[in-house]
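The values are calculated or read from the model by the stated rules, or taken from the named source; none is laboratory data. Just so it is clear, the model here is predicted, and its values are computed rather than measured. Note that each Cβ is placed from the backbone with ideal geometry, even for glycine, and that neighbours are counted across all protein chains shown. Only protein heavy atoms, including side chains, enter the accessible area calculation; ligands, DNA and RNA are left aside. Shrake-Rupley method; radii C 1.70, N 1.55, O 1.52, S 1.80 Å.
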Amino acid sequence: MTNHPQRVLSGMQPTNTLHLGNYLGALKNWVRMQDEMDCLYCVVDMHALTDAGYAKPDEVRRAIHEVAAAYIAAGIDPKKSPIFNQSRVPAHAELAWIFNCVARLGWLDRMTQFKEKSGKHKERASVGLYTYPVLMAADILVYKATHVPVGEDQKQHLELARDIAQKFNNDYAAPDYFPLPEPVITGPGTRVMSLRDGLKKMSKSDESDNSRINLTDDADTIAQKIRKAKTDPLPLPTNENEFKGRPEAENLLNIYAALADEPVKDVMARFAGQQFSVFKGTLADLAVAKLSPITTEMRRLMADPAEIDRLLAEGAEKAAAIAEPIVKDVKRIVGFAG
Ligand code: TYM
């Protein structure tokens with residue numbers, strides 16, 4: 001067991017718009033965790049350059065504001081939990097370099113997200129995309145965070161962060177210097193799938209806008225996307241065994257359960273044997289009721305980008321006050337002056 005105080009760190013990339021998967025898989029848990037531990041929530045703008053944000057400065061600027069607005073609109077209280085963009089706290093990049101020297105090529109070669117994102121032409125991918133998980137480890141460990149609420153797709157990256165922490169602690173004979181951060185992957189929304197294909201993850205980069213519900217969609221768009229969501233011709237399943245071969249049914253029921261904060265089996269019991277057309281109407285009403293207030297508040301906040309910048313600067317100051325002494329310590333441990 002470690003003696004590290006409990007602290008939460010998580011982040012989202014400011015690329016394209018946030019969607020229901022980001023909300024149910026991560027953001028919703030972030031809001032809850034504010035009452036349990038000290039939390040820091042980061043907009044990972046440096047990661048955005050490895051992705052759709054590269055060479056699109058206006059888009060990155062806009063998306064930083066949008067993601068920060070989404071955090072606040074969903075219920076993150078910036079007074080309690082600092083929100084900031086990563087690039088404002090240079091300690092992330094400093095620690096990432098040291099971690100680049102700790103992490104092994106073989107570890108990064110195993111990262112499935114890199115394989116998916118780089119596709120067939122690995123040699124054309126940026127070096128940043130390759131070392132992306134190392135920067136993510138630095139984001140977490142620069143605060144000695146112990147808990148990281150994320151969706152299931154980040155599990156492997158979290159394992160890498162633990163491996164880096166452990167190797168650093170061992171190689172520098174600094175037992176327990178860094179905590180081994182725990183992934184917090186809970187609830188039925190940890191892997192929200194595409195509305196067009198129940199075997200594909202809901203994603204910002206999917207070409208079809210109908211595949212996802214964006215946090216900026218209005219009520220009519222949300223309802224329409226749910227009505228059009230792919231299903232199968234059978235009535236709704238009566239138990240989890242009937243999910244077999246029915247990924248779209250499983251996805252819609254999980255989305256309902258996550259939005260309603262109810263166990264999947266209770267939701268299933270209520271709708272068992274009904275037609276999808278009926279269920280989709282109820283799901284659309286629920287999604288609109290839960291998401292519309294967030295969208296409205298996001299719009300209000302986005303109308304004043306200067307205020308968002310002020311909050312980000314304030315959050316960065318608080319974050320830096322935690323990170324800087326840790327990086328100073330690490331520099332001393334590795335043999336740099338100081
Ligand atoms: P990103 O920006 O891709 O996604 C942000 C969060 O949303 C979750 N998520 C999903 N959850 C459920 N279903 C989905 N379809 C879905 N799609 C996305 C992600 O798991 C994530 O929690 N590498 C991270 C950002 C990052 C980070 C960090 C996270 C950088 N540094 C430090 C935690 C701690 C990422 O790309 O998330």
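Computed quantities for the displayed model
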item	result
Subset of the range 17-73 that is of a type in the set (Asp, Glu) and open to solvent by less than 20 Å² (accessible area, probe 1.4 Å) - its residue that is nearest to GLU116 (Cα to Cα)	ASP45
Per-region count, the range 74-106, residues open to solvent by 30 Å² or more (accessible area, probe 1.4 Å) and out of contact with any Lys or Arg (no Cβ under 9 Å at 6 or more places or on another chain)	12
Single residue of the range 1-16 satisfying the filter (open to solvent by 30 Å² or more (accessible area, probe 1.4 Å) and within 13 Å of PRO82 (Cα to Cα)) that is farthest from the ligand (Cβ to nearest atom)	ARG7
Candidates GLY315, GLY338, filtered to the one that is at pLDDT 95 or above and either in a loop (DSSP other than H, G, I, E, B) or open to solvent by less than 30 Å² (accessible area, probe 1.4 Å) (or both)	GLY315
Of the criteria (1) of a type in the set (A, V, I, L, M, F, W, C); (2) surrounded by fewer than 21 Cβ atoms within 10 Å (Cβ to Cβ); (3) touching a residue at least 60 places away in the same chain (Cβ under 8 Å), which one LEU199 fails	(3)
Elements of type helices (runs of 4 or more DSSP H) contained in the range 122-238, each with 2 or more residues being within 27 Å of LEU108 (Cβ to Cβ) and modelled with pLDDT of 95 or more	127-141, 155-171
Pair list, Cβ < 9 Å and 6+ apart or interchain, from the range 144-157 residues that are more than 7 Å from the ligand (Cβ to nearest atom) to residues that are of a type in the set (Asp, Glu)	ALA145/ASP139; THR146/GLU182; HIS147/GLU36; HIS147/GLU182
Where THR186 falls short, out of the listed (1) of a type in the set (Val, Ile, Thr); (2) in contact (Cβ under 8 Å) with a residue 40 or more places away in the chain; (3) out of contact with any His (no Cβ under 9 Å at 6 or more places or on another chain); (4) within 11 Å of the ligand (Cβ to nearest atom)	(4)
Counted residues, the range 107-118 - those being aromatic (Phe, Trp, Tyr) and open to solvent by 30 Å² or more (accessible area, probe 1.4 Å)	1
